[in-house]
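The values are calculated or read from the model by the stated rules, or taken from the named source; none is laboratory data. Source: prediction; values computed, not measured. With ideal geometry, Cβ positions are generated from the backbone for all residues, glycine too; neighbour counts draw on all protein chains shown. Ligands, DNA and RNA are stripped out before the accessible areas are found, and what is left, the full protein with its side chains, is counted by its heavy atoms. Shrake-Rupley method; radii C 1.70, N 1.55, O 1.52, S 1.80 Å.
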Amino acid sequence: KILAAMSAQLLTQKLVVKRGILFKEEKSIPLEKITDVGLSQGPLMRLFGLYRLSFETAGQSGHGALVSLLGVVNSLAFTT
């Protein structure tokens with residue numbers, strides 16, 4: 001249900017991420033602000049062929065990713 005309630009749309013100038021079942025959240029990230037795209041996969045995720053994509057932006061406060069997505073189809077293509 002968590003994966004079904006999550007969506008991401010890559011537009012020409014921004015990445016729009018929506019998620020949430022009870023509490024809806026939507027983030028819009030301008031592509032020129034994205035400074036790093038990370039790809040990670042734990043042992044359980046590897047078993048199911050899942051990856052986590054993490055996006056960090058310029059001017060972001062705090063540590064860690066601003067947005068992270070789980071279960072993106074063709075996620076390896078984002079990092080190349």
Taking segment 10-27 and keeping residues under 13 Å from Val67 (Cβ atoms), open to solvent by 50 Å² or more (accessible area, probe 1.4 Å) and hydrophobic (A, V, I, L, M, F, W, C) leaves Leu10
Task: Qualifying residue in segment 21-28 (condition: touching a strand residue (DSSP E or B) at 6+ places or on another chain (Cβ under 6 Å), within 18 Å of Ala77 (Cβ to Cβ) and not charged (D, E, K, R)) - done: no
The one condition Gln60 fails out of (1) out of contact with any Lys or Arg (no Cβ under 6 Å at 6 or more places or on another chain); (2) at pLDDT 80 or above is (2)
### Task
Report whether or not Pro30 is open to solvent by 60 Å² or more (accessible area, probe 1.4 Å) and at pLDDT 90 or above.
no
